[in-house]
Amino acid sequence: MALLEVNNLMIQYPLAQGKITVVDGISFSLNQGETLAVVGESGSGKTQSVLSLMGLLPDNAEITGMASLEGKNLFSADRASEKDIRGKEIGMIFQDPMTSLNPYLTIEQQMSLAWKRHFGEEKNVQEQILMALQSVRLPDPKSRLRQYPHELSGGMRQRVMIASVLMLEPKVLIADEPTTALDVTVQAQILALIGELKKDLNAAILFITHDLGVVAGISDRVLVMEKGKIVEQGTPREIYHSPTHPYTKKLIASIPRLDQTNGRARLSQLSPIVEAESLVVNFRRNVGLFKEEVLQAVRGIDVTLRQGEILGIVGESGCGKSTFARALATIIEPSSGKLRLFGQSFSPNNQELKKEVQKNIQIIFQDPMSSMNPRMNIGSILSEPLWTHAGELSKEKIKERVVHALQEVGLDESIFNRFPHEFSGGQCQRIIIARALILKPKVILCDEPVSALDVSIRKQVLDLLFQVKEKIGASLIFISHDLSVVRHLCDRVIVMYLGQALEVAPVNRLFDEPKHPYTRALINAVPIADPDIEKQRSISLIKGDPPSPIHLPTGCSFIDRCPNATNGCELPQQLRLINETEVSCHLAK
Amino acid sequence: MNAQLSKNIWQEAWEGIKKNSRAKIAFYVMSSIFLFVIFGPLLSNYAYDFTDWSYLAMGPSLSNGHFFGTDSLGRDVFVRTLYGGRISLLVGIVSTIVSLVIGVTYGVIAGYVGGKIDAIMMRIVDVLYALPFMFFVILLMVFFGRNIFLIFIAIGAVNWLDMARIVRGQTLAIKNKEYVEAAQALGVSTWDIMRRHIVPNLLGVVVIYMTLTIPQVILVESFLSFLGLGVQEPLTSWGMLVKEGAEDMQNMTWLLMIPGAFLATTLFCFNFIGDGLRDALDPRDR
């Protein structure tokens with residue numbers, strides 16, 4: 001008999017207009033030592049179904065169906081035994097380790113709470129905690145006990161979270177998007193850890209994710225959910241290589257693969273429109289009364305953006321990529337360095353150029369919802385750029401251009417008087433694209449434009465972005481932490497680390513022949529949505545997390561984490577040209 | 001466009017109130033009290049300062065036209081209660097609007113401009129906070145004599161400090177939203193950003209705070225009147241009436257009960273409406 005069995009589970013919520021069904025009769029089972037991946041987009045009901053197993057759904061949820069763990073019915077359990085099940089029988093790891101750890105408790109206090117709940121006061125709690133922390137390979141576990149969550153990095157926090165769940169030795173481990181909030185390199189570390197733990201403990205794992213790539217390597221079975229139903233299930237090979245359901249096919253097709261060459265990339269020979277020379281951005285903040293701390297977000301980058309080019313900027317969170325792009329768009333004033341825009345040298349006092357920049361550099365942000373004023377209707381949102389920069393236009397003319405822009409992104413004027421919250425994420429991002437293109441800018445700056453969207457609409461939005469860019473002949477600066485998206489969209493890529501460019505290269509060259517060890521590590525860390533490749537791949541993980549931009553290493557920025565660090569790395573590195581690649585590693589050939 | 005904006009928030013507020021039955025009832029009761037206070041005096045033959053020597057200190061009666069009775073000076077309590085209501089509600093609403101206009105403007109500027117200007121503006125608020133309110137009112141009374149407009153000024157001058165702090169805090173949060181950054185990047189002027197992007201998004205908080213301020217102001221006025229610093233006889237307010245009623249509580253209960261009931265009902269209504277609006281306009285609920 002299976003360890004966990006779910007039969008015809010249905011979850012509904014009563015609403016004023018009737019009932020809404022979020023999970024619609026799903027059945028599955030999970031065996032000892034098995035990893036079951038539940039894949040689906042937001043709203044597919046994947047999280048709701050596992051929360052129901054834990055008894056964590058809100059009180060107004062109506063649950064029908066059966067769920068049993070080792071033959072015990074999970075739904076008949078009264079409130080008291082429900083709490084025995086939580087943690088001890090079923091452990092859960094949540095998406096964001098920052099919000100799932102209490103910021104006011106030390107790691108030790110945090111972890112002993114659950115222990116005491118299930119096993120009472122015991123003298124060896126600390127020992128147990130230490131063992132658990134060691135089992136998740138947390139460096140220096142003893143000193144961590146007294147630390148607070150904010151003193152740990154994201155990856156370490158997720159390790160602590162996993163340790164505190166594993167300490168209770170649950171029979172089933174539920175991981176709800178455990179790596180979504182983490183950087184790729186850290187994601188790879190955590191995935192590797194989960195894989196190892198699975199082997200060591202022979203645990204049953206329920207792995208929930210929206211990203212098919214993540215689970216290709218570690219799952220034994222995959223279950224695809226759409227709109228509350230299971231549309232397909234099978235082994236990873238079946239799902240990835242011969243999907244039968246159209247939704248699964250669509251999902252698989254929509255994942256950009258890192259190992260596929262970008263066919264449309266080309267190097268623009270047109271005139272440069274943005275040129276930066278040793279651009280530096282520092283932020284100062286007061287520490288205490290008299291001391292000041294300098295955060296060096298961007299440390300001297302040279303870049304040239306040519307007309308019609310798509311320039312990708314990749315790097316882990318905190319590497320300064322957003323700051324750098326904002327400095328190029330003159331939203332943030334650079335601390336030093338030269339900036340030439342549209343052939344004119346930029347200075348903050350040049351009002352005319354500033355106006356021109358505001359008109360010709362448009363920005364698309366990560367979260368489309370929050371980049372529109374919730375109290376403005378779509379019509380006013382889209383006409384704002386026009387009356388700011390083309391005030392001489394008549395009302396009819398403005399409306400005409402807004403309608404035209406909407407048509408361009410596949411929407412029509414019927415949405416004129418509606419408000420942002422009435423639209424889905426994908427539609428919102430279309431509206432934002434319409435707003436960005438309405439002034440026919442020369443540069444569109446995209447800051448993680450698809451990270452907040454579901455996988456299946458990402459591709460549409462990216463295609464739209466590309467079409468729009470081609471049509472108005474603009475250049476794109478594309479910031480992303482998602483390397484596969486960058487590979488498919490960009491012409492040229494800058495790899496940033498701690499405020500510096502470590503490698504600048506044409507896209508295919510960068511991915512096919514990465515020259516810098518950091519680039520290699522980044523590329524290596526991205527899981528590939530193909531179980532065969534994923535299982536054979538030997539991943540060389542880089543250790544640790546990106547260091548803080550306040551205390552910088554003196555030599556090569558990457559020295560602390562670099563696997564090939566040797567003599568000479570302690571000296572500052574300069575970008576040098578090898579073939580078409582510029583790389584700042586003295587070992588690169 | 002602005003019409004659309006405000007229509008939207010008021011619609012939202014109204015829908016929220018309709019959903020919350022307590023707030024809905026409170027809203028209807030409040031509207032009736034408003035109408036009653038405005039048009040009620042037409043039902044009576046007496047003026048608020050008229051002394052009816054034939055009916056001194058009489059209880060409520062329908063037959064002689066003193067629906068709520070008379071006080072010890074023979075003045076009609078019905079008309080006096082309604083006139084008192086006009087004053088109380090006027091003080092409540094005018095002072096709130098005064099504090100709203102000053103507070104929102106001040107808070108938005110301090111919060112949005114930030115930096116040194118913010119620091120200076122908020123320190124001024126801190127200094128004003130430190131002035132004892134009663135001292136301030138007594139000082140005003142001593143210099144200018146008792147005057148209803150002084151009450152508006154005094155209360156408004158103190159209440160906007162709270163409003164400014166709340167608005168500044170909210171502005172700081174809204175300022176970091178991506179749509180404000182988008183507008184800045186687009187080159188929308190500071191004034192337009194404040195007017196189009198920040199103020200409309202503050203409305204939820206402001207409307208709620210307003211419904212909570214009105215009863216507070218009415219209470220403050222009652223308190224001032226109670227101490228004899230409020231409106232001047234023969235004009236009256238609910239606070240004054242309650243004070244006078246309290247003096248004759250044993251013999252003439254109606255003098256306390258009737259204006260007291262109006263005052264209490266109004267305060268309850270505003271509080272319920274405020275609760276309802278808070279739920280209706282809370283962005284987390286959307």
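The values are calculated or read from the model by the stated rules, or taken from the named source; none is laboratory data. Owing to the predicted nature of the structure, the values given are computational and were not obtained by experimental measurement. Glycine gets a Cβ as well: all are built from the backbone with ideal geometry, and neighbour counts include every protein chain shown.
At-a-glance table
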{"read-out": "Filter result (more than 18 Å from residue B:11 (Cβ to Cβ), within 9 Å of another protein chain (Cβ to nearest Cβ) and either in a helix (DSSP H, G or I) or among the small types (Gly, Ala, Ser) (or both)) within the stretch B:185-205", "value": "B:185, B:186, B:187, B:189, B:192, B:196, B:197"}
{"read-out": "Among (1) in a loop (DSSP other than H, G, I, E, B); (2) buried (at least 23 other Cβ atoms within 10 Å of the Cβ); (3) over 14 Å from the mean Cα position of the chain (by Cα) - the single one residue A:218 does not satisfy", "value": "(2)"}
{"read-out": "Residue in the stretch A:374-381 that is touching a residue at least 40 places away in the same chain (Cβ under 8 Å), outside any loop (DSSP other than H, G, I, E, B), within 12 Å of chain B (Cβ to nearest Cβ) and within 21 Å of residue B:200 (Cβ to Cβ) present", "value": "yes"}
{"read-out": "Residue in the stretch A:272-295 that is in contact with a Pro (Cβ under 7 Å, 6 or more places away or on another chain), surrounded by 13 or more Cβ atoms within 10 Å (Cβ to Cβ) and free of Cβ contacts under 8 Å to residues at least 40 places away in the same chain present", "value": "no"}
{"read-out": "Residue A:43 vs. criteria out of contact with any Cys (no Cβ under 8 Å at 6 or more places or on another chain) and at pLDDT 85 or above", "value": "no"}
{"read-out": "The lone exception for residue B:229 - which of (1) within 30 Å of residue A:357 (Cβ to Cβ); (2) away from every other protein chain (no Cβ under 14 Å); (3) not in a helix (DSSP H, G or I) it fails", "value": "(1)"}
{"read-out": "Every residue from the stretch A:171-215 that is over 24 Å from residue A:233 (Cα atoms), crowded, with 23+ Cβ neighbours inside 10 Å and small (Gly, Ala, Ser)", "value": "A:188"}
{"read-out": "Residue A:401 being of a type outside the set (A, V, I, L, M, F, W, C), at the interface with chain B (Cβ under 9 Å from one of its Cβ atoms) and crowded, with 18+ Cβ neighbours inside 10 Å", "value": "no"}
{"read-out": "Of the criteria (1) within 28 Å of the chain's Cα centre (by Cα); (2) more than 14 Å from chain B (Cβ to nearest Cβ); (3) at pLDDT below 85, which one residue A:305 fails", "value": "(3)"}
{"read-out": "Qualifying residue in the stretch B:246-265 (condition: within 23 Å of residue B:90 (Cα to Cα), away from every other protein chain (no Cβ under 14 Å) and of a type in the set (Asp, Glu))", "value": "no"}
{"read-out": "Among residues of the stretch A:382-404, those that are assigned to a helix (DSSP H, G or I), in contact (Cβ under 8 Å) with a residue 40 or more places away in the chain and more than 32 Å from the chain's Cα centre (by Cα), counted", "value": "2"}
{"read-out": "Failed criterion for residue A:407 (all others in (1) away from chain B (no Cβ under 12 Å); (2) in a loop (DSSP other than H, G, I, E, B) hold)", "value": "(2)"}
{"read-out": "Residues being of a type in the set (D, E, K, R) and either within 11 Å of another protein chain (Cβ to nearest Cβ) or crowded, with 19+ Cβ neighbours inside 10 Å (or both) - total across the stretch A:309-361", "value": "8"}
{"read-out": "Any chance residue A:418 is touching a Pro at 6+ places or on another chain (Cβ under 6 Å), part of a loop (DSSP other than H, G, I, E, B) and assigned by TED's automatic domain parsing to the domain that holds residue A:305", "value": "no"}
{"read-out": "Residues (farther than 13 Å from residue A:443 by Cβ and in contact (Cβ under 8 Å) with a residue 24 or more places away in the chain) located in the stretch A:344-362", "value": "A:354, A:355"}
{"read-out": "Residues (free of Cβ contacts under 8 Å to residues at least 60 places away in the same chain and of a type in the set (D, E, K, R)) located in the stretch A:4-27", "value": "A:19"}
{"read-out": "Any pair with Cβ under 8 angstrom, 6 or more apart, that starts in the stretch A:468-495 at a residue that is on the phi < 0 side of the Ramachandran plot and ends at one that is outside any helix (DSSP H, G or I) and among the hydroxyl-bearing types (Ser, Thr, Tyr)", "value": "A:469/A:475; A:475/A:268; A:480/A:451; A:481/A:317; A:481/A:451; A:482/A:451; A:486/A:480; A:491/A:268"}
{"read-out": "Selection status of residue B:220, assigned to a helix (DSSP H, G or I), under 16 Å from the mean Cα position of the chain (by Cα), surrounded by 20 or more Cβ atoms within 10 Å (Cβ to Cβ) and within 14 Å of chain A (Cβ to nearest Cβ)", "value": "no"}
{"read-out": "Qualifying positions in the stretch A:173-190 - assigned to a strand (DSSP E or B) and aliphatic (A, V, I, L, M)", "value": "A:173, A:174, A:175"}
{"read-out": "Residues (modelled with pLDDT of 75 or more and of a type outside the set (A, V, I, L, M, F, W, C)) located in the stretch B:209-233", "value": "B:209, B:211, B:213, B:215, B:216, B:221, B:222, B:225"}
{"read-out": "Residue match in the stretch A:513-533 (condition: at positive phi and either surrounded by fewer than 18 Cβ atoms within 10 Å (Cβ to Cβ) or of a type outside the set (Gly, Ala, Ser) (or both))", "value": "no"}
